[in-house]
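Participant: Submitted below is the structure of interest, expressed as structure tokens.
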Amino acid sequence: MTYLYLKYLHMALVLVSVLLFNGRFLLRMSKPQDTLLILLDILPHANDTLLFASGLVFFFFFCWMAFGN
């Protein structure tokens, strides 16, 4: 069961990462002179760190290789 929870967490983090990237791009293109909220500067980095950590958990705990299985 732990595998499924981690898999869904990883997929959700990928989705949030893509949404944050596209959202920041659209905000920059619509109002380039305005600065973004501090939350929009920090949140993508925190999300990508969690995404990387969940990938490491897949690699070390479940011995799952991206292109090997």
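Participant: What FRET efficiency would be calculated for the residue pair Ile38, Val18, taking the C-beta separation as r and a Förster radius of 22 Å, to the nearest 0.05? All intermediate terms of the calculation are to be shown ahead of the outcome.
Facilitator: Values: r = 21 Å, r/R0 = 0.97.
Once rounded, the FRET efficiency stands at 0.55.
Participant: OK, next. Might you tell me the accessible area per residue for region 1-52, computed with a 1.4 Å probe and given in Å²?
Facilitator: On the way: 4280 Å² over 52 residues.
For region 1-52, the per-residue accessible area is 82 Å².
Participant: Now a separate question. Probe radius 1.4 Å, ligands and nucleic acids ignored: give me the carbon and sulfur share of the accessible area of the chain as a rounded percent.
Facilitator: 76 percent
Participant: Ignoring ligands, DNA and RNA, how do Thr2, Thr35 rank by accessible area with a 1.4 Å probe, largest first?
Facilitator: Details: Thr2 95, Thr35 125 Å².
Sorted by accessible area, descending: Thr35, Thr2.
Participant: Something else now. What number, rounded to the nearest 500 deg cm²/dmol, is the helix-based mean residue ellipticity at 222 nm of the chain, given -39500 (n - 2.57) per DSSP H run of at least four residues and division by all its residues? Kindly include the intermediate steps, with their values, before the conclusion.
Facilitator: Details: 2 runs with 53 residues, N = 69.
After summing the helix terms and dividing by the residues of the chain, the value is -27500 deg cm²/dmol.
The values are calculated or read from the model by the stated rules, or taken from the named source; none is laboratory data. From a predicted model like this one, the values you see are computed outputs, not experimental measurements. For neighbour counting, all protein chains shown are included, and Cβ atoms are generated from backbone atoms with ideal geometry for every residue, glycine included. Quick note on the areas: whole protein, heavy atoms, side chains included, nothing else; ligands and nucleic acids left out. Shrake-Rupley method; radii C 1.70, N 1.55, O 1.52, S 1.80 Å.
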